[in-house]
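K.L.:
Quick one: this structure, given as structure tokens, is what I'll be asking you about.
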Amino acid sequence: MTARPPLASRLEGFGASIFAEMTALAVSTGSVNLGQGFPDYDGPPEVLRIAREQIDAGANQYPPGTGIADLRLAISEHQQRFWGLRHDPDTEVLVTMGATEAIAGALLGMLDTGDEVIMFEPLFDTYAACVSLAGAVLSPVTLRPDANGRFCFAEEDLRRAVTPRTRMILLNSPHNPTGTVFTREELQTVADVATANDLIVVSDEVYEHLVFDGGRHIPIASLEGMAGRTVTVSSGGKSFNTTGWKIGWACGPAPLVNAVRMAKQLFTFAGGTPFQPAIAAGLRLPAGYFESLADDLQAKRDVLMSALAHAGLEPYASAGTYFVGADVRARRADGDGMEFCRAMPAACGVVAIPAGVLYTPANAAEGRHIVRFAFCKQMPTIEEAARRLAAWK
Ligand SMILES: *Cc1c(COP(=O)(O)O)cnc(C)c1O
């Protein structure tokens, strides 16, 4: 070993994963793990079948760098069918290794050292590290609960976050971890700020089909004047319960998508050959599939939320995604969500994630008392968690 620590300074502070710690606790205590944000059930059988057939048919070598043509076509058709967006499948659609690579590619492909990116916090865990890797600067705008427990931003906070160095806004709606689905008015505010300051918008829409209570996801690219400055990112993981396949995409104007491609080709070049035709078939499933996906999750959300409320863990609102937040202060006077999550597995047999780690360090106090529960589990698993929460003295 050399004397100098091996970790690049740009990655300092992004190491310790709370997800690993909480998963280990779940295993050692035999707890119901509602920390991890992935389903414990399979996706549509026809999608799984195509992947198996593709492997047998020899689809096991590198795909084209931009993705298999029929998947790019299916993504383009999907964007038009659901959201009325038009993208040329050859120049305006890029297949990536999950939404994660599309976001990393967008940040590393379009930001220069010192450029500023506005993001709404709490944040999905890879965003801040990618900003740091790009040598860019993260300007957080904090989402706070309103009287109905719905997390939203103050327009003046967003406007104040813009400086002459601001280059981009990274948006995530439906939002992980708060479950907020941005309204048309909120998106218009973001669009107005982006347009007035000539900013690029990167929009992470991986939960586009997981919206509850008859609500509707609105891609910011569909707002007037926004298609020309927006990269829309999504993936098949959350829509088809195939999070391990890592088939994602970026759609937008050719120069922006090309910048994403320039970076992403250096990460993986391309991958997931047998999964790409399977996700193409998923994207072409009838509307009923997507509706029942959301209805099924909504029922699980409802069971979990009422159990949380009965256990004195007041849940916030959740209009979409896999997640609901809860306030621990009624059960833990010091409001320490981290210690709460460390103690809950032994005390109650349920695991959650402290949301404080999903804020920028300077604002961690904003989320200290909030813990995140995932309800993307089989109903018996959710019901078992509910029983344990109910029995928790
Ligand atoms: C799950 C998730 C991702 C990652 O998507 P992959 O396709 O698995 O890379 C990105 N953004 C958000 C908000 C997520 O919750």
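K.L.:
Among 288, 305, 223, flag the residue with its Cα farthest along the positive direction of the charge dipole of the chain, charges on Cβ as +1 for Lys/Arg and -1 for Asp/Glu.
P.N.:
305
K.L.:
While we're on this one: Please report the antiparallel percentage of DSSP beta bridges with both residues in the chain, rounded to the nearest 5.
P.N.:
Given both bridge residues lie in the chain, the antiparallel proportion sits at roughly 50 percent.
K.L.:
Also: Round to a whole angstrom and tell me the spacing of the C-alpha centers of the stretch 315-374 and the stretch 223-290.
P.N.:
What the calculation gives is 31 Å, centre to centre.
K.L.:
Can I ask one more? Per residue, how much space in cubic angstrom lies within the convex hull of the C-alpha atoms of the chain? Before the final figure, lay out the partial values.
P.N.:
Working: hull volume 61.2 nm³, N = 393.
About 156 Å³ per residue, rounded to a whole number.
K.L.:
Let me ask something else about it. Positive end of the dipole of the chain, charges at C-beta (+1 Lys, Arg; -1 Asp, Glu), about the Cα centre: which of 373, 270, 87 has its Cα farthest in that direction?
P.N.:
Looking along the dipole axis, the top candidate is 373.
K.L.:
Which lysines have a Cα lying under 27 Å from the Cα of residue 246, excluding residues fewer than 8 positions away in the same chain?
P.N.:
Filter leaves 238, 264, 300, 377.
K.L.:
While we're looking at this one, here's another question. Mind telling me which of 139, 306, 235 comes out most flexible in a GNM of the chain, alpha-carbon contacts under 10 Å?
P.N.:
Taking springs between Cα atoms under 10 Å, the residue moving most is 306.
K.L.:
Over the stretch 134-194, how many percent of alpha carbon pairs lie in each 10 Å bin up to the one with the longest distance?
P.N.:
19, 55, 24, 3
K.L.:
Oh, and also: Would you tell me the accessible area of residue 97, worked out with a 1.4 angstrom probe on the heavy atoms of the protein chains, in Å² to the nearest 10?
P.N.:
Here the accessible area works out near 50 Å².
K.L.:
Same structure again: Enumerate the calculated ³J(HN,Hα) couplings along the stretch 266-274 in order (Karplus 6.51 cos²θ - 1.76 cosθ + 1.60, θ = phi - 60°), each rounded to whole Hz, writing x wherever the residue is Gly or Pro.
P.N.:
8, 7, 10, 6, 6, x, x, 3, x
K.L.:
Now for a different question. Between exposed GluC sites (Glu not before Pro) in the chain, where DSSP calls loop and at most 14 other Cβ atoms lie within 10 Å, what's the longest gap?
P.N.:
Counting at most 14 other Cβ atoms within 10 Å as exposed, the longest clean stretch of the chain is 13-223.
K.L.:
Between the stretch 172-201 and the stretch 99-151, what is the C-alpha centre distance in whole Å?
P.N.:
Each part reduced to its Cα centre gives a spacing of 13 Å.
K.L.:
Where Lys and Arg each count +1 and Asp and Glu each count -1, what net charge lies around residue 367 among other residues with Cβ under 11 Å from its Cβ?
P.N.:
0
K.L.:
Taking the Cα centre of the stretch 32-133 as origin, sum charge times position over the Cβ atoms of Lys and Arg (+1) and Asp and Glu (-1), and report the length of that vector in debye to the nearest 20. Kindly include the intermediate steps, with their values, before the conclusion.
P.N.:
Details: 5 positive and 16 negative charges, 48 e Å.
In total the dipole reaches around 240 debye.
K.L.:
Let me ask another. Quick check for me: using +1 on Lys/Arg Cβ and -1 on Asp/Glu Cβ, what's the dipole size of the stretch 253-393 about its Cα centre, in debye to the nearest 20? Kindly include the intermediate steps, with their values, before the conclusion.
P.N.:
Numbers: 15 positive and 12 negative charges, 60 e Å.
The calculation lands at about 300 debye.
K.L.:
Is it possible to state the helix-based mean residue ellipticity at 222 nm for the chain, with each DSSP H run of 4+ residues giving -39500 (n - 2.57), the sum divided by total residues, to the nearest 500 deg cm²/dmol? What is it?
P.N.:
Calculated from helices alone, the mean residue ellipticity at 222 nm is -12500 deg cm²/dmol.
K.L.:
Contact order normalised by length for the chain, with contacts defined as Cα pairs under 8 Å and 6 or more residues apart; what percent is it?
P.N.:
Details: 811 pairs, mean separation 95.0, N = 393.
Result for the chain is 24 percent.
K.L.:
For the stretch 115-214, which whole-number percentage of the solvent-accessible area (1.4 Å probe, protein heavy atoms only) is attributable to carbon and sulfur atoms? Please report the intermediate quantities before stating the final value.
P.N.:
Details: 1660 of 3410 Å².
Carbon plus sulfur share of accessible area: 49 percent.
K.L.:
Apply the Kirkwood formula to the stretch 25-113: the hydrodynamic radius equals the inverse of the mean of 1/r over all pairs of different alpha-carbon atoms; give it in Å with one decimal.
P.N.:
16.6 Å
K.L.:
Quick check: net charge around residue 340, other residues with Cβ under 14 Å of its Cβ, Lys/Arg +1 and Asp/Glu -1?
P.N.:
On the way: positive: 329, 331, 332, 342, 368, 372; negative: 21, 314, 327, 334, 336, 339.
Here the count lands on 0.
K.L.:
Go ahead and set up a Gaussian network model of the chain, Cα springs under 10 Å, then flag whichever of 270, 347, 69 fluctuates most.
P.N.:
In the Gaussian network model the winner is 347.
K.L.:
So, how do all the Cα-to-Cα distances of the stretch 223-362 break down into 5 Å bins, in percent, from 0 on up?
P.N.:
2, 7, 12, 13, 14, 14, 14, 11, 9, 4, 1
K.L.:
Just add up the charged neighbours of residue 275: K/R +1, D/E -1, any other residue whose Cβ is under 11 Å from the Cβ of residue 275.
P.N.:
That sum, taken over residues with Cβ under 11 Å, equals +2.
K.L.:
Continuing with the same structure: Using only the Cα atoms of the stretch 134-255, what semi-axes does the equivalent ellipsoid have when each is the square root of 5 times a gyration tensor eigenvalue? Give whole Å, largest first.
P.N.:
Square roots of five times the eigenvalues give 23, 19, 14 Å.
K.L.:
Taking the Cα centre of the chain as origin, sum charge times position over the Cβ atoms of Lys and Arg (+1) and Asp and Glu (-1), and report the length of that vector in debye to the nearest 20.
P.N.:
660 debye
K.L.:
In the Gaussian network model of the chain, springs joining C-alpha atoms below 10 Å, which of 136, 346, 326 carries the largest mean-square fluctuation?
P.N.:
Result for the chain, Cα springs under 10 Å: 346 fluctuates most.
K.L.:
Continuing with the same structure: Compute the label zone of residue 160 within the stretch 115-130: residues whose backbone N is under 20 Å from the point 7 Å along Cα-to-Cβ.
P.N.:
116-123
The values are calculated or read from the model by the stated rules, or taken from the named source; none is laboratory data. Quick caveat: nothing in here was measured; it's all calculated off a predicted structure. When we count neighbours, we look across all protein chains shown, and the Cβ atoms used for this are built from the backbone with ideal geometry, even at glycine. Please note that ligands, DNA and RNA were not included when accessible areas were found on the heavy atoms of the full protein model with its side chains. Shrake-Rupley method; radii C 1.70, N 1.55, O 1.52, S 1.80 Å.
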